[in-house]
Amino acid sequence: MRFAWVKADEKNAIRFFNENEHSIRTKFERDRDRILYSKAFRRLSGKTQIFISGYDDHARTRLIHTLEVAQIAKTIGKNLGLDLDLIEAIAIGHDIGHTPFGHAGERALNLIMNNCETLNKFGVKLKDSDKGFKHNFQGVRQVVDIESISNNYKGLNLTNYTLCGILIHSKYNAKMKCKNDLVKDKDKSTSDETICNYRSKRKKCNSEGNLLFNYYKKYIDLIKIDNSWTIEALVVKIADEIAQRHHDVEDGLIAGLIKSADLYDVFIDIFRKYMTKEDIRILEAIKNETDLELLLPLYSKLIVNFFVMNLINQSKVNIRNLIINFDIKSNEDFHHLKSQIYNKVDISKLINYDKELYELEDEFQDYLYNSILNSHKVQSMDGKAYYIIRQLFKAYLSNPQQLPDIVIQNFFNDIIKNGMFEKSEMTVGEMRTVLRKNYDQNPYDGWKALLLRNITDYIAEMTDNMAYEQYNLLYGPTKNYRL
């Protein structure tokens with residue numbers, strides 16, 4: 001069976017702006033390098049994974065997580081005969097749209113951008129077409145419209161294959177049901193960035209029970225997922241999940257939120273049926289080890305090896321069935337059939353565990369959630385993070401003059417592009433004067449929607465430390481005031 005038949009071929013990948021190809025580097029290598037050298041990628045070193053950046057020198061940041069995803073994904077891809085350069089490009093860029101403070105920051109921005117939060121006297125009510133924030137969508141926006149490497153176009157001009165991988169590594173529905181009603185069935189309310197908890201406060205739901213991401217529809221339309229999805233993208237998606245299990249365990253042990261003896265018992269109870277002799281050997285070493293510094297690499301080996309090996313074995317079966325069912329006999333066959341496959345098959349199951357192990361992994365995830373992510377320590381950090389993001393947004397929306405010059409300039413570029421203001425040569429100071437004079441006027445609601453989006457972009461780019469600094473600048477004691 002030829003697994004190379006489903007490998008991404010760079011000749012089928014397109015860029016949206018024409019440019020000369022490199023003499024020695026593939027399209028996907030160039031995608032990887034453009035992300036690697038972007039400012040957004042560098043900022044990942046200061047963004048939260050679970051614990052707020054700076055909590056512990058050894059706790060993971062978003063950058064460390066990204067590198068671990070790349071390593072796991074390349075191991076899987078190598079064993080499936082896939083394009084490792086594309087895998088690395090997607091993995092390096094998959095979280096580039098993430099906020100400060102992890103999913104707590106993401107959740108705060110999403111609720112604000114879905115009319116769930118009323119932050120100031122203006123009561124800006126977004127249209128459905130303006131709603132939503134989610135890190136995978138924002139990642140695409142970051143590399144398409146915010147980062148820049150040329151005067152001839154916006155963005156990094158990545159291939160559609162890499163863009164699609166960034167998009168589909170997480171849920172990409174344009175509309176998600178508010179899950180507050182599901183809490184009674186499965187208490188995972190704060191683990192999902194699509195949750196709204198406002199009904200419990202007896203407030204009318206401003207989003208009619210739905211959380212929308214319609215603002216990003218233009219990026220979905222641009223990418224055309226049915227033709228741009230790749231097996232490589234699916235590998236990164238599941239590698240992201242494996243990396244999360246691994247670092248949940250490791251960070252939980254370091255923080256003292258779980259005990260090795262409990263984790264040992266839970267792992268065996270859940271996965272006994274799937275354990276190999278190698279897994280049992282590692283577990284015996286874990287059972288006899290008391291030094292945390294030696295336990296951590298043992299658990300890393302256990303978690304990553306267990307899930308990766310089971311994933312590879314089942315994914316080979318899934319790919320063989322795909323090749324047979326669609327009579328794929330060449331890479332070109334696969335390329336021409338991609339849209340048909342996408343519309344007939346749940347592609348997320350192509351690179352995945354068998355059904356039973358998938359359900360057991362979900363049970364293991366629940367254990368980690370309840371032990372770590374739902375702990376007092378993490379929830380306290382999340383609550384603080386949510387508050388800081390909300391207060392930053394409130395300050396900028398109440399008085400946009402507090403925004404830096406680049407955000408004001410981007411905002412005016414947007415209102416000019418949308419026909420809300422006549423293009424003219426203005427200094428930033430003149431832009432600020434126009435904004436101040438017109439901000440309170442009702443006819444300029446469109447301005448406010450665009451301003452909200454620009455504030456969202458600005459906050460989303462912040463590191464944890466920058467968010468703290470901006471909060472202290474806006475709300476801190478005057479004796480600590482510093483520009």
Report, by chain and number, residues whose modeled amide H sits under 5 Å from the one on Gly97, excluding near sequence neighbours (fewer than 5 apart, same chain).
Gly139
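Taking the Cα centre of segment 339-483 as origin, work out the dipole magnitude from +1 charges on Lys and Arg Cβ and -1 charges on Asp and Glu Cβ, in debye rounded to 20. All intermediate terms of the calculation are to be shown ahead of the outcome.
Values: 16 positive and 20 negative charges, 177 e Å.
Dipole about the Cα centre, nearest 20: 840 debye.
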Amide H contacts of Asn210 (H built 1.01 Å from N, under 5 Å, at least 5 apart or other chain):
Cys178
With +1 on each Lys and Arg Cβ and -1 on each Asp and Glu Cβ, how big is the dipole of segment 238-375 about its Cα centre, in debye rounded to the nearest 20?
620
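In debye, nearest 20, what is the charge dipole magnitude of the chain about its Cα centre with +1 on Lys and Arg Cβ and -1 on Asp and Glu Cβ, if you could check?
That gives a dipole near 1480 debye.
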Just to check I understand the Karplus step: with θ = phi - 60° and J = 6.51 cos²θ - 1.76 cosθ + 1.60, what whole-Hz values come out for segment 234-243, glycine and proline as x?
5, 5, 5, 4, 6, 4, 4, 5, 5, 4
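Step through the table entries Lys131/Lys224; Lys394/Lys417; Lys27/Lys355; Lys27/Lys301, compare each Cα-Cα distance with 29 Å, and write down the pairs that go over it. Walk me through the numbers on the way to the answer.
Numbers: Lys131/Lys224 21 Å; Lys394/Lys417 26 Å; Lys27/Lys355 36 Å; Lys27/Lys301 33 Å.
In this structure, Lys27/Lys355; Lys27/Lys301 lie more than 29 Å apart at Cα.
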Looking at the square roots a ≥ b ≥ c of the eigenvalues of the Cα gyration tensor of the chain, which shape do they give, rounded for a/c under 1.5, prolate if a/b is larger than b/c, or oblate?
oblate
Estimate the FRET efficiency between Asp354 and Glu332 by the formula 1/(1 + (r/R0)^6), using the beta-carbon distance for r and 30 Å for R0, to the nearest 0.05.
0.50
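A short reminder: the numbers here are calculations on the coordinates, not readings from a lab. This is a predicted model, so every value here is computed, not measured. With ideal geometry, Cβ positions are generated from the backbone for all residues, glycine too; neighbour counts draw on all protein chains shown.
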